[in-house]
Amino acid sequence: MSNEHKIEYIAPTRLVWQSGNVYNPELLLQTDNGHIVFSNSNVCRMQNHGDIASILLDFGRELHGSVQLRVTDTTDNKPVRIRIRLGESVSEAMSELGGKGNATNDHAIRDQMVKVPWMGSFQTSQSGFRFVRIDILDSDTFLCLAGVQALFVFRDIPYRGSFSCNDERLNSVWSTGAYTVHLNMQEYLWDGIKRDRLVWVGDIHPEIMTINSVFGFNKVVPESLDLMRDTTELPEWMNGISSYSLWWILAHHCWFQYSADLNYLMQQKDYLLSLLEILFQCVGKDGGETLTGHRFLDWPSSSNKIAIHAGLHSLLLMALDRSAELCELLGDADMAGKCTAYVKLMRDYIPDPNGSKQAGALMVLAGIADAREMTQRLLQIDGCRNMSTFYGYYVLQAMARAGAIDKAL
C-alpha cells in the first residue's frame, strides 16, 4: 500500500431488508468507538429459531475494501457460522453464485461462509461493494453484533479537474466516472475493484485519460505501464492480446502529452524500438494489418472478424503514427522515418467496419474514414447497443469530430 492510501471506517446508511428474528438492527447504523465492550445493551441480536436470521445493509455508495463485524455475544460463547455476501447492487448481494446474474467469486471473494468469534471481530477479504448481506447458518443459534463497518481503502488525493454544466444528469455521469477511476487506483490501475482486479493495458487507456483530466500526475499510471512492460517478454503480446501492446504505445503517447516527462519516456526506448520491429512485420504488402496472437477489440465485437481486422488496422496505424512522434523525441530519426513510411502505406488500405461501431470509430480516429459519414451511417444508429463501456469512449470521440454532440449525449 502506497503512502497515498488511506483507510476510512464507514458505517451503514440504511437497513434495506431483514428476515427472521432480528432485534434492534437500526443500532448498526450508528457510529461507535469501534471496539468490543462488555455490554449487550446497544447491540443488534440475530437469532435462528425456525427462520434464518438475515439482514441487508447499505453503505450508501460504492466502496473498495472489506467489511468488519464486531461480535459481543454468541451461543455458549462459541464461534458462529455465518454467510456474508457483498454486492455492488441489492440483487447481487441477494444472489447465489452462478445463475442468471452470473454472480462470481472471481478475483475477489464476495460470497463466503465463515466463523465469527465470541467477543471479537471478523474482517472479510477486499472487494468492491455497496451492500452486505449477513445470514446466520446454524439452527438454534444467536449472535450479538455491536457494529458492522466498511473499511474503505482508497488513494487520498485531490480532485484537481472538475466539470459542471446545466445538465445535472451529465454532471452526475462525470462525477461517477471520475470516482470509479479513483476507486481503481489501488496498488496498480485496475480494471475493476471487484473483477477484474488486474491491469489490462488496453482498458486502462480511458482510465489514464481520466486521471490526466481529474487528478493530474499520479505514479499509479507509470507503475502500471511498467508492470506490463516488465512482465511481457518480447515477442509476446501484453495480456496475450496483440492490440493491447498497441494500446501500451498509445497510452505512453497520451501520458507524455500530459506529463512532458522525457526522462520517463527514455526508459521505454529499448522496449519500444524492439516492439516496433515486430509491428513492422505485421503490415502486409498491401498495407493491411496482419497482427498475430489473440485478435481482440472488445467483447461485443469478438465474433465479427471483419470488424476486428478493421479495428486492428486502425489501432496499428495510430500506434505507428504516435511512435513516429515518440521516436523523434527519443532522438531516433531513422526509426521515426520507418514508422512514417509504414503509416503512409497503411493509409492507402481502407478496411470494412462491417457494422461495428468500435471499428468505425477507430477508423475515424486513425484518419481513414470521414467522421460525419461514419457517424450518420453507423455510429449514431441504435444508441449504445453492441458496444462496451471501454470502446464507448472512442465512439463518442469519433462522433464529436463529426460535430454530433447531441447524438453523442
Check: Here are 326, 379, 362: which of them is more than 18 Å from residue 298 (Cα to Cα) and under 28 Å from the mean Cα position of the chain (by Cα)?
Finding: 326
Note to self: I'd like to check something: does segment 86-106 contain any residue that is closer than 26 Å to residue 42 by Cα and not small (Gly, Ala, Ser)?
What the structure shows: yes
Margin query: Against the conditions (1) within 30 Å of residue 406 (Cα to Cα); (2) open to solvent by less than 20 Å² (accessible area, probe 1.4 Å); (3) within 11 Å of the chain's Cα centre (by Cα), where does residue 211 fall short? Just the number, please.
Written below: (3)
Note to self: With the requirement that a residue be more than 11 Å from residue 60 (Cα to Cα) and either open to solvent by 40 Å² or more (accessible area, probe 1.4 Å) or part of a loop (DSSP other than H, G, I, E, B) (or both), what does segment 2-15 give you?
What the structure shows: 2, 3, 4, 6, 7, 8, 9
Next item on the list: Within segment 256-270, work out how many residues are over 26 Å from the mean Cα position of the chain (by Cα) and buried (at least 16 other Cβ atoms within 10 Å of the Cβ).
Entry: 1
Check: Considering 93, 11, which residue is closer than 16 Å to residue 127 by Cβ and modelled with pLDDT of 90 or more?
Finding: 93
Checklist line | Candidate set: segment 49-78, residues that are in a strand (DSSP E or B) and small (Gly, Ala, Ser); chosen: the one nearest to residue 18 (Cα to Cα) | finding: 54
Next item on the list: Inspect segment 227-234 for any residue being surrounded by 19 or more Cβ atoms within 10 Å (Cβ to Cβ) and either without any contact (Cβ under 8 Å) to a residue 40 or more places away in the chain or within 19 Å of the chain's Cα centre (by Cα) (or both) and give the result as yes or no.
Entry: yes
Next item on the list: For residues that are touching a residue at least 12 places away in the same chain (Cβ under 8 Å) and assigned to a loop (DSSP other than H, G, I, E, B), scanning just segment 268-283, find the one that is farthest from residue 250 (Cα to Cα).
Entry: 282
Notebook entry, point to check: If you go through segment 95-113, how many residues are closer than 24 Å to residue 80 by Cα and open to solvent by 20 Å² or more (accessible area, probe 1.4 Å)?
Noted result: 7
Check: How many residues are part of a loop (DSSP other than H, G, I, E, B) and open to solvent by less than 30 Å² (accessible area, probe 1.4 Å) if we restrict to segment 117-148?
Finding: 1
Checklist line | Scope segment 311-349; condition surrounded by 17 or more Cβ atoms within 10 Å (Cβ to Cβ), of a type outside the set (S, T, N, Q) and without any contact (Cβ under 8 Å) to a residue 60 or more places away in the chain; matching residues | finding: 313, 317, 320, 321, 324, 327, 336, 343
Notebook entry, point to check: Which one is modelled with the highest pLDDT, of the residues in segment 149-196 that are basic (Lys, Arg) and open to solvent by less than 50 Å² (accessible area, probe 1.4 Å)?
Noted result: 155
Item checked: Selection within segment 284-310 - assigned to a loop (DSSP other than H, G, I, E, B), buried (at least 19 other Cβ atoms within 10 Å of the Cβ) and among the charged types (D, E, K, R) -> 298
Item checked: Extreme residue, most open to solvent (accessible area, probe 1.4 Å), among residues of segment 350-375 that are among the polar types (S, T, N, Q) and not in a helix (DSSP H, G or I) -> 354
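The values are calculated or read from the model by the stated rules, or taken from the named source; none is laboratory data. The model shown is predicted, which means the values in this text are computed figures rather than measured ones. FYI the Cβ positions are ideal-geometry reconstructions off the backbone, even for glycines, and counts take in every protein chain you see. Areas reflect the complete protein model, heavy atoms only, side chains present, ligands, DNA and RNA absent. Shrake-Rupley method; radii C 1.70, N 1.55, O 1.52, S 1.80 Å.
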